[in-house]
1. Quick one: Debye curve from the C-alpha atoms of the range 213-273, no solvent, what's log10 I(q)/I(0) at q = 0.12, 0.25 Å⁻¹?
2. Can you give the calculated 222 nm mean residue ellipticity of the chain, where each DSSP H run of n ≥ 4 adds -39,500 (n - 2.57) and the sum is split over every residue, rounded to the nearest 500 deg cm²/dmol?
3. For the pair K156 and A89, what calculated FRET efficiency results from E = 1/(1 + (r/R0)^6), where r is the Cβ-Cβ distance and R0 = 30 Å, to the nearest 0.05?
4. How much length is gained on full extension from R214 to A43, taking 0.36 nm per residue of separation minus their Cα-Cα distance?
5. Stokes-Einstein at 37 °C, 0.692 mPa s, Kirkwood radius from Cα pairs: D for the range 136-281 in µm² s⁻¹?
6. Just to be sure I understand the model, the point goes 7 Å from the Cα along the line to the Cβ. What's the resulting A168 to E77 distance in nm?
7. With a 10 Å cut-off between alpha carbons and a GNM built on the chain, which of G216, G63, G234 moves the most?
8. Specify the residue with the greatest mean-square fluctuation among R260, R38, R103, computed from a Gaussian network of the chain linking alpha-carbon atoms under 10 Å apart.
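What follows draws every value from the coordinates through simple rules; no lab data is involved. Keep in mind that what you see is a predicted model, and the values were worked out from it rather than measured. When we count neighbours, we look across all protein chains shown, and the Cβ atoms used for this are built from the backbone with ideal geometry, even at glycine.
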Amino acid sequence: MSSAPGWRCRDRELDLSDRPLVMAVLNVTPDSFSDGGRYADPAAAIARARELAAAGADILDLGGESTRPGSEAVAPEEQWRRLEPVVRALAAPDGPTLSIDTRDAQVADWGLTAGAHIVNDVSALGDPAMTAVVARHRAGLVLMHMQGVPGTMQQKPSYEDVVREVAAFLGERSDRAIAAGVPREAIALDPGIGFGKAIEHNMQLVARLDELARLGFPVVIGASRKSFIGRMTGAEVHDRLPGSIAMASIAIFQGARIVRAHDVAETLQAVRIAEAVRSARR
């Protein structure tokens, strides 16, 4: 388990000592794998964000670019066109903690300037300007591992030892961020379940997640509704809640402190039970 008692995200200290946090997924895109563009309209996205916050989400993760397998990159200007009205409607001193799901430093800068607190970077500093943006805003930063890019990442992913390779990659990227001025306590790590990973790679990463937690940063797990759950169970996207909760609960036992999810109320209940049992075995 991470030794960090909290996650520093600008002016907010998110407590990780009591229970893992739930990061709610909200894609304001026309081509999301999980909702098929239901929240591409700003009014619908804002209403959904408020529903997720009312359901108990600790963080709202807003994305203006789909990174599903086979997806194409979206220009920063278009990402921000989708995101801006939602971020501006939600950002407030007493409002929800907001995360911008982007691999583009320009989008991150726009989002943080508008009041967001976290950058969720699935490319783990693929844009070399990202560290300067995050450091300047003193924002929280999620560094995620991905083999390849979304358009090609699921074309025969290969590893000698996926856990060691992912840990080494994230260790190097966290060192790079710290050297560029991002505070250590602002960084969280995500092994990238389903991002350039076959089913066996996903299983190994969750089974040995404690090895990643030993790097000393909060670990984020994002398996909600993903296609490998469908391949393992035969369930369609909106029938994958049981598998998603199972993965989140097991990940908590293995050291995850932040769970990224579409179904907030159900995941929050599972997180509380899993954490209570995990704590009882100390």
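1. The Debye formula, applied to the Cα set alone, gives -0.28, -0.99.
2. Result for the chain: -12500 deg cm²/dmol, rounded to the nearest 500.
3. Numbers: r = 42 Å, r/R0 = 1.41.
Calculated transfer efficiency: 0.10.
4. Between R214 and A43, full extension yields 57.4 nm more.
5. This corresponds to a translational diffusion coefficient of 207 µm²/s.
6. According to this spin-label approximation, the distance is 4.1 nm.
7. G234
8. R38
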